[in-house]
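Participant: Here's a structure for you.
FYI, it's all coordinate maths here, none of it is from the lab. Just so it is clear, the structure is predicted and the values come from calculations on it, not from any experiment. FYI the Cβ positions are ideal-geometry reconstructions off the backbone, even for glycines, and counts take in every protein chain you see.
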Amino acid sequence: MDPFVEAERLELALLRRVNALRAECVAAEGFSVDLEAQALYSPDDGGEDRGVVSINPAELGPLTRDEAREFGLVGVDTRFGTPEAGVIRSRDPAFSDVMESCREQAEAQVGPDVGEILRASLELRNEAGDAFRSLVAEPLRPVVEERVACFAQQVGVDPGQIMELSSWEEVMALLGVEPGSYAAASDNDSPDLVPAEGETLLLKPAPEIYEPSEAEIEVAMIYADCAQETDLVQRLLDVQEQPRREVLERYGDQLMELTARLKSYLETSG
């Protein structure tokens, strides 16, 4: 496993511990909504991990025809994500004050400086991730170019045009292909809901669900075939090896220290 992904999972576990304690404190003050929000969390709702010092091959598009049928091209990003609890929106000052006070109490109960440790771990992952992506960009480009050239030849466009685009939606437009659509959330889950003055609302987690069009599936299957023809997965592993080693050498000691502290907090606050 990507060691930074392990650190992220420890962060999330520790944050869940803090949130659970906060919710109990808030409920004791007469507000049950935070407990209800935490109860909506399900670890099964998360998607695949994006690497920090690695690239998940699925980030580069579908790898098989089955994946092409499920996600098309535009829906690739819906494969990734972490489980979420419900979202609380409030315009009740009394509730906001209780939430802040209980957050401080929960962090103190888990351990001193836990908020600082969580922030430090997040910042380290972001910094290491930026360093890795910068180092891997140059060796990765010819791997992507070969797959794009395979694809472009079959759909009848200039591969250089595709390489200049920054989104799958733009690729669809270039090809004249109508993309699919995202499944609409229920009215209850609308991100546009705004509480009235003095009101608190609980919104359920609403994972993105993308439904590719038939035309999009056809071109996505071509792109998936080109991943196989160009040996994308193995070549991706090969070009990541040196950048990954460099980043782990640069940040490994800090990562080990933060991981140990995260584990310690989890063990002592359980």
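Participant: Round to the nearest 10 and give me the degree value, 0 to 90, for the angle of helix 3-28's Cα axis relative to the longest principal axis of the chain.
Facilitator: Around 30 degrees separate the two axes.
Participant: Of the options Phe95, Gln109, Val177, report the single residue whose Cα projects farthest towards the positive end of the charge dipole of the range 42-180 (beta-carbon charges: Lys, Arg +1; Asp, Glu -1).
Facilitator: The Cα lying farthest towards the positive end belongs to Val177.
Participant: Next question. Relative contact order of the range 3-268, please, whole-number percent, based on alpha carbon pairs below 8 angstrom and at least 6 residues apart.
Facilitator: Relative contact order, the range 3-268: 33 percent.
Participant: Something else: So, in nm, how far is label Lys263 from label Gln228 when the simple model puts each one 7 Å beyond its Cα toward the Cβ?
Facilitator: 4.1 nm
Participant: Taking the Cα centre of each part, how many Å lie between the range 1-74 and the range 120-158?
Facilitator: The two parts, judged by their Cα centres, are 24 Å apart.
Participant: Need one number: nm distance between label points at Ala39 and Glu214, each 7 Å from Cα along Cα→Cβ, rounded to one decimal.
Facilitator: 4.5 nm
Participant: Could you derive backbone 3J(HN,Hα) for the range 64-71 from the dihedral phi with the Karplus parameters 6.51, -1.76 and 1.60 (θ = phi - 60°), listing whole Hz in sequence and x where the residue is Gly or Pro?
Facilitator: 9, 5, 5, 5, 4, 5, 7, 10
Participant: So, one more: Please get the size of the charge dipole for the chain, origin at its Cα centre, with Cβ charges of +1 on Lys and Arg and -1 on Asp and Glu, quoted in debye to the nearest 20.
Facilitator: 620 debye
Participant: Could you work out [θ]222 nm for the chain from helices alone, using -39500 (n - 2.57) per DSSP H run of at least four and dividing by all its residues? Round to the nearest 500 deg cm²/dmol.
Facilitator: For the chain, the value works out to -21000 deg cm²/dmol.
Participant: For a protection proxy built on the mean count of beta-carbon atoms within 10 angstrom, sort 150-161, 107-118 highest first, please.
Facilitator: Output ranking for 150-161, 107-118: 107-118, 150-161.
Participant: For a Förster distance of 25 Å, can you work out the FRET efficiency between the beta-carbons of Glu145 and Glu178, rounded to the nearest 0.05?
Facilitator: Given R0 = 25 Å and the Cβ-Cβ separation, E is 0.40.
Participant: State, to one decimal in nm², a quarter of the convex hull surface area for the C-alpha atoms of the range 61-178, i.e. the direction-averaged projected area.
Facilitator: Mean projected area of the Cα convex hull: 12.0 nm².
Participant: If I stretch the segment between Asp113 and Ala206 completely, what's the gain in nm (0.36 nm per residue apart, minus their alpha carbon distance), one decimal?
Facilitator: Between Asp113 and Ala206, full extension yields an extra 30.3 nm.
Participant: For the range 123-140, in order, what is each residue's ³J(HN,Hα) by Karplus, 6.51 cos²θ - 1.76 cosθ + 1.60 with θ = phi - 60°, in whole Hz (x at glycine and Pro)?
Facilitator: 5, 5, 4, 5, 5, 5, x, 4, 5, 5, 4, 5, 6, 7, 4, 5, x, 6
Participant: Right, another one. Taking the inverse of the average 1/r across all pairs of different Cα atoms in the chain, what Kirkwood radius in Å do you get?
Facilitator: 21.4 Å
Participant: Hey, another quick one. With every atom except the alpha carbons ignored, what do you get for Rg and Dmax of the range 151-256, in angstroms?
Facilitator: 21.3, 60
Participant: Something else: If you stretched the chain out fully between Leu237 and Arg16, how much longer would it get, using 0.36 nm times the residue separation minus the C-alpha to C-alpha distance?
Facilitator: 76.3 nm
Participant: To the nearest 20 debye, what is the magnitude of the charge dipole of the range 1-114 about its Cα centre, counting +1 on the Cβ of each Lys and Arg and -1 on the Cβ of each Asp and Glu?
Facilitator: 180 debye
Participant: I've got another one for you. Grab the other residues whose beta carbon is less than 10 angstrom from that of Pro195, score K and R as +1, D and E as -1, and report the net.
Facilitator: -1
Participant: Let me ask something else about it. Return the FRET efficiency for the residue pair Ser166, Glu29: r is the Cβ-Cβ distance, R0 is 45 Å, and the value is rounded to the nearest 0.05.
Facilitator: The value I calculate is 0.40.
Participant: Using only Cα atoms and rounding to the nearest 10 degrees, what angle (0 to 90) does helix 232-268 make with the longest principal axis of the chain?
Facilitator: 10 degrees
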